[in-house]
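**Student:** Starting off with a structure, shown below.
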């Protein structure tokens with residue numbers, strides 16, 4: 001156990017602080033966009049529960065983070081690090097800081113902004129799996145899982161990546177480029193969220209009637225393409241701010257690098273939409289709106305790791321690749337692997353986040369960067385998926401994830417909230433329940 | 001089988017950490033790190049296969 005030395009980075013100027021704060025105030029639009037997408041891709045009889053769940057999970061995650069997680073996330077000044085010494089280098093795996101953000105008000109603005117960024121990130125991680133469990137995941141279980149993620153899982157990854165932990169110091173300790181590059185949270189937010197989504201769909205199981213005993217899976221389209229596509233537009237605004245804020249806070253990018261970061265973010269999403277549009281047009285004869293939305297979002301996710309460090313052409317290519325594999329992987333998961341993921345979060349956040357991290361290693365020009373990205377991927381995927389699966393399995397025993405069959409039949413709105421999202425609409429009978 | 005896969009995944013992670021400590025040469029280190037990631041992927045594949053329901057099994 002060793003005390004953490006003061007942060008060596010130069011303090012931020014007043015302009016950088018003000019700009020970062022302004023950008024962080026816009027970041028929640030990314031969360032709002034994903035919440036709209038989660039709601040639109042679910043059924044109409046679960047829409048109110050879905051949107052309330054997004055709010056509830058974000059709130060619970062923020063509370064759990066301030067009560068427990070923030071002490072271990074490493075963004076606050078001071079504290080103690082638990083390091084493993086091997087081969088002449090220290091690998092800082094754990095951090096214990098002051099509880100309940102004590103002393104944060106007197107800390108440098110840079111540290112306060114870092115904590116704010118982590119608050120937004122933990123809310124984002126918590127609501128990514130919510131869409132995957134749509135139409136069968138109970139709200140109390142969702143809140144409990146958000147608390148576990150915010151208190152235990154996210155702080156460890158955030159410390160490794162952003163708080164000066166062993167992944168961030170791979171460049172200093174082992175000459176691996178600039179250390180693990182993840183300014184916008186492709187790994188700490190999206191890959192981790194995708195992992196949580198995968199654990200949820202495995203534990204909760206598929207929706208009733210999704211995979212009949214014979215034949216292909218039943219199509220259960222989302223109830224509002226308008227929510228989904230408008231959510232994509234809202235998410236873009238938040239993502240532009242998110243990647244720029246991450247570049248300032250974690251890469252100490254100069255202000256002159258921010259426009260190119262925003263351009264790369266837009267190019268990645270555009271490239272992804274173009275290729276998803278083409279792939280679905282080729283496969284189905286007409287472009288698929290929900291898959292195109294997934295592709296757009298996958299492009300934004302892929303840009304999170306690398307928008308500040310790659311060229312515009314590389315960003316376009318990265319987004320284009322994400323747009324190609326997104327519809328194919330969504331189809332593979334559903335048809336071949338029987339994974340019922342209504343929002344495609346496993347693909348959109350998990351796989352695209354993974355690809356973004358790899359792409360940062362391929363296209364960033366520092367030697368050793370690719371190895372640093374691989375080590376980061378192995379850490380998040382190899383340690384966190386088993387840990388999340390174990391924690392969620394235990395949680396499922398205490399707070400059952402899945403709603404009872406009657407609740408699934410009448411819809412989560414009536415079952416959990418006592419009223420629907422669209423009380424004046426006539427909701428037709430679901431043919432899959434015959 | 002799914003639990004076996006979940007146990008293999010951390011083993012891959014420990015291989016990547018071992019590569020950092022044991023191999024100062026960048027080429028050898030990268031090769032060993034890639035092996036570690038491959039083991040993680042192998043564990044993931046086994047876990048995914050373990051979660052595929054058997055054909056004709058009772059489903060909700």
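**Student:** Fewest Cβ neighbours within 10 Å first, please rank A:422, A:389 accordingly.
**Tutor:** The fewest-first ordering by Cβ neighbours comes to A:422, A:389.
**Student:** I'd like to compare A:79-91, A:186-198: which one has the highest average count of other Cβ atoms within 10 Å, and what's the full order after that?
**Tutor:** Top of the packing list down: A:186-198, A:79-91.
**Student:** When you count, for each residue, the other Cβ atoms within 10 Å and take the mean per peptide, how do A:253-261, A:316-324 rank with the highest first?
**Tutor:** A:316-324, A:253-261
**Student:** Here's another thing I want to ask about it. Using packing as a proxy for protection, rank A:348-354, A:50-56 so that the peptide with the highest average count of other Cβ atoms within 10 Å comes first.
**Tutor:** Ranked from most to least packed, the peptides come out as A:348-354, A:50-56.
**Student:** With axes computed from alpha carbons, what is the tilt in degrees of helix A:385-398 against the longest principal axis of chain A, rounded to the nearest 10 within 0 to 90?
**Tutor:** The angle comes out near 50 degrees.
**Student:** Expressed as an acute angle from 0 to 90° and rounded to the nearest 10, what is the orientation of the C-alpha long axis of helix A:289-306 relative to the principal long axis of chain A?
**Tutor:** 10
**Student:** Moving to a separate point now. If you bin every alpha carbon distance in the stretch B:2-48 into 10 Å steps from zero, what whole percent lands in each bin?
**Tutor:** 35, 42, 19, 3
**Student:** Specify the angular offset, from 0 to 90 degrees and rounded to the nearest 10, of the alpha carbon long axis of helix A:139-148 from the longest principal axis of the alpha carbons in chain A.
**Tutor:** Tilt relative to chain A: about 20 degrees.
**Student:** Taking neighbour counts of Cβ atoms within 10 Å as a proxy for exposure, in what order, fewest first, do A:387, A:273 appear?
**Tutor:** Least crowded to most crowded, the residues run A:387, A:273.
**Student:** Calculate the length of the line joining the C-alpha centroid of the stretch A:284-300 to that of the stretch A:91-133, in whole Å.
**Tutor:** 32
**Student:** Related question: Given the DSSP H assignment, sum -39500 (n - 2.57) over each helix run of at least 4 residues in chain A and divide by its residue total; what's the result at 222 nm in deg cm²/dmol, nearest 500?
**Tutor:** Helix-only estimate at 222 nm: -18000 deg cm²/dmol.
**Student:** On to the next question. Anyone know which of A:296, A:250, A:160 comes out most mobile in the 10 Å Cα GNM of chain A?
**Tutor:** Highest fluctuation of the listed residues: A:250.
**Student:** Further, regarding this structure: Within a 10 angstrom radius of each residue's Cβ in A:384-393, how many Cβ atoms of other chains show up on average? Whole number is fine.
**Tutor:** If you average over the peptide's residues, the count of other-chain Cβ atoms is 3.
**Student:** Using the Cα gyration tensor of the stretch A:257-382, with a ≥ b ≥ c the square roots of its eigenvalues, what is the shape: rounded (a/c below 1.5), prolate (a/b larger than b/c) or oblate (neither)?
**Tutor:** oblate
**Student:** What is the fewest-to-most order of A:409, B:29, A:208 by other Cβ atoms lying within 10 Å of their Cβ?
**Tutor:** If I rank by nearby Cβ atoms, fewest first, I get A:409, A:208, B:29.
**Student:** Per residue of B:7-13, count partner chain C-beta atoms within 10 Å of its C-beta, then hand back the mean as an integer.
**Tutor:** Per-residue shielding by partner chains comes out at 5.
**Student:** Extent of the stretch A:41-119 along each principal axis, from alpha carbon coordinates, in Å, largest to smallest?
**Tutor:** On the principal axes, the stretch A:41-119 reaches 58, 34, 19 Å in Cα extent.
**Student:** On average, how many beta carbons from a partner chain sit within 10 Å of the beta carbon of a residue in B:14-22?
**Tutor:** The mean count of partner-chain Cβ atoms within 10 Å per residue comes to 6.
**Student:** Averaging over all projection directions, find the projected area of the Cα convex hull of the stretch A:2-433 and quote it in nm² with one decimal place.
**Tutor:** Dividing the Cα hull surface by four gives the mean projection, 20.4 nm².
**Student:** Whole number please: convex hull volume per residue of the Cα set in the stretch A:1-155, in Å³?
**Tutor:** Here the figure is 126 Å³ per residue.
Just so you know, all these numbers are worked out from the coordinates, no wet-lab data involved. Predicted model, so just to flag it, every value in this text is computed and none were measured. Quick reminder, even Gly has a Cβ in these numbers, built from the backbone with ideal geometry, and neighbours come from all protein chains shown.
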